[in-house]
Amino acid sequence: MKSPDYYRGKEQTYLKHFFLERYLETVAFHIGYTHRDFVYVDCFSGPWRSIDEELADTSIRIALDRLNYVRAGLAARGRQQYQAKRYVEALRDFDAAIRLEPDNPMWYGSRGLAYSYSGQHERAIEDYTREIEMAPRASAMPYNNRGWAYVDLGQPEKALPDLTKAIGMSPDYQKAFENRAKAYIALKDWPSVIADLSAAIQINATAWDYEQRAAAKRATNDEPGAAEDSRRAKELHAPTQTPPKIPPKAQAAP
């Protein structure tokens, strides 16, 4: 905000800008956090003494900047809550972010993840679908996430097209291979399970990949292959190296 000298002769404008800078942000945080709608009406009378085309020194620009800051703040807080596994609080923040910016697909994807981890898979699918509709080619992640939600709902047939789409968009997407393997496990399609877990292992082998591939190999009577995968899984579970022994503290000579 400009200094008071800048507003000489326009003191009423100074008071309005002062209010917007100091109080609109706080009010918007409180209302955005607890209510479905936040309506701000600015009786914009024109760009008085505006110094540029962006109207940076006008009340409408100050208000929009503050509201954009609130939107970003709510979304950032939602991500922090999500990372801390406080999913109820994260959902509340993402709800507020969506109310302030309903055309941003990222907020729907973020809220979908919070729904997924809180066990609300139907709502998660709705958000992933909205994200895909808004930006169908932006990322493979919403297709993977929606497929994962279908797997957790016990609908592996619906998961397969999404997970195959994710892999097609991002051929090194390990999580998509693993999630599609979960769908094939539910369908008892053991050759496909083995193929997808083999692809995941080529990208970045995990103990889970080997364990599940071992189970699939047992289901196809490949006992030697299952035993080898079980051995590799145990190796990955084991510590990478033995911690060094700490010698006893030397005592000072008397």
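The values are calculated or read from the model by the stated rules, or taken from the named source; none is laboratory data. Note that the structure is a prediction, hence the values are computed from the model and not measured. All Cβ positions, glycine included, derive from the backbone under ideal geometry; neighbour counts span all protein chains shown.
With respect to the conditions (1) within 22 Å of the chain's Cα centre (by Cα); (2) of a type in the set (D, E, K, R); (3) surrounded by fewer than 19 Cβ atoms within 10 Å (Cβ to Cβ), Arg180 falls short on a single one, namely (3). Comparison of Tyr108, Tyr128 shows that the only residue that is under 21 Å from Ala159 (Cβ atoms), buried (at least 19 other Cβ atoms within 10 Å of the Cβ), of a type in the set (Phe, Trp, Tyr) and touching a Pro at 6+ places or on another chain (Cβ under 8 Å) is Tyr128. So, Ala138, is that one among the hydrophobic types (A, V, I, L, M, F, W, C), touching a helix residue (DSSP H, G or I) at 6+ places or on another chain (Cβ under 6 Å) and under 27 Å from Arg111 (Cα atoms) or not? Here the answer is no, as Ala138 does not meet what is asked.
Evaluation of Trp48 against the conditions (1) assigned to a loop (DSSP other than H, G, I, E, B); (2) at pLDDT 70 or above; (3) over 30 Å from Ser116 (Cα atoms); (4) not polar (S, T, N, Q) shows that the sole unmet condition is (2). Checking each residue in the range 86-142 for being assigned to a helix (DSSP H, G or I), farther than 28 Å from Leu160 by Cα and either in contact (Cβ under 8 Å) with a residue 24 or more places away in the chain or of a type in the set (Asp, Glu) (or both) picks out Val88, Glu89, Ala90, Arg92, Asp93, Asp95, Ala96, Ala97, Arg99, Leu100. Within the range 1-18, the set of residues being assigned to a helix (DSSP H, G or I), surrounded by 13 or more Cβ atoms within 10 Å (Cβ to Cβ) and at pLDDT below 70 comprises Tyr6, Tyr7. When we screen Ala166, Ala159, Ala149 for residues that are modelled with pLDDT of 95 or more, crowded, with 21+ Cβ neighbours inside 10 Å and either within 18 Å of Ile203 (Cβ to Cβ) or in contact with an Asp or Glu (Cβ under 7 Å, 6 or more places away or on another chain) (or both), the only hit is Ala166.
Just so you know, in the range 152-177 the residues that are within 21 Å of the chain's Cα centre (by Cα), part of a helix (DSSP H, G or I) and among the hydrophobic types (A, V, I, L, M, F, W, C) include one that is nearest to Asp222 (Cα to Cα), and it is Phe177.
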